[in-house]
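For reference, the structure discussed in these notes is given below.
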Amino acid sequence: MTEQHGDDSTEDRPGPYRGVFGSASGPTVPGPAGPQSPGSRPPGSAPYGDRPSAYGGLYGADTSSYQENPPKQVTIAAMIALGLGALCVLLAGLALTSAGEQVAEVLTGDKDNQGVAVAAALFCAVVYTLPAIFLRKRRPWARYLLIGVAAMGIAGGVVALPGSILGLAIHTTLLVLMLQQPTKLWFHRR
């Protein structure tokens, strides 16, 4: 037994909704190629204009420029890592000056370990700078190395609290940037 509700006919609509939700006789909006229904768009056009989506075109956007250029998360992480590498080089240089005893005492606990302080600072400079350079070249090992460095920085920051809040924040930012979805997608699409 079929039940009719007034003079609503269901022949001109594909589903339980009328007009706007897919009916051929639904409302139209003006478009560059004449009137179009609200849900349709010309073939090859992006849903949000001509810019690629932040997630590599999952919603139909053009991904050609996204494939070539790293997402902003990768660029920011690379700049932070380069900055940290430069600070480590400056620290190594400072350890070679007359303030070297104080730097060595802060880093190693003994003011006579200037050589160890310089070596440790230069090692850290390499550990920050190397992945920063290769991160933008889309090398997965650079991302993993930076994730490991950030995790060790977080662990060291937690141990040295409250004097290491800035370092803890910087390393947490690095870790979050490397684990975000746009970064993962960019490294997995080669």
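Just so you know, all these numbers are worked out from the coordinates, no wet-lab data involved. All figures in this text were calculated on a predicted structure; none of them were measured in a lab. Don't worry about glycine lacking a Cβ; one is built from the backbone with ideal geometry, like all the others, and counts go over all protein chains shown.
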ask   = Expressed as a whole number of Å, what is the distance separating the alpha-carbon centroids of segment 94-121 and segment 124-173?
value = 22
Around Lys111: net Lys/Arg minus Asp/Glu count, Cβ-Cβ under 15 Å = -4
query = How about Lys184: which lysines have a C-alpha closer than 22 Å to its C-alpha, ignoring those fewer than 8 places off in the same chain?
reply = Lys72, Lys137
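To the nearest 0.05, what FRET efficiency results for Ile76 and Tyr144 with a Förster distance of 25 Å applied to their C-beta separation?
About 0.90, to the nearest 0.05.
Based on the alpha-carbon gyration tensor of segment 93-177 and its eigenvalue square roots a ≥ b ≥ c, which shape applies: rounded if a/c is under 1.5, prolate if not and a/b is larger than b/c, or oblate?
Values: a/c = 3.01, a/b = 1.55, b/c = 1.94.
Oblate.
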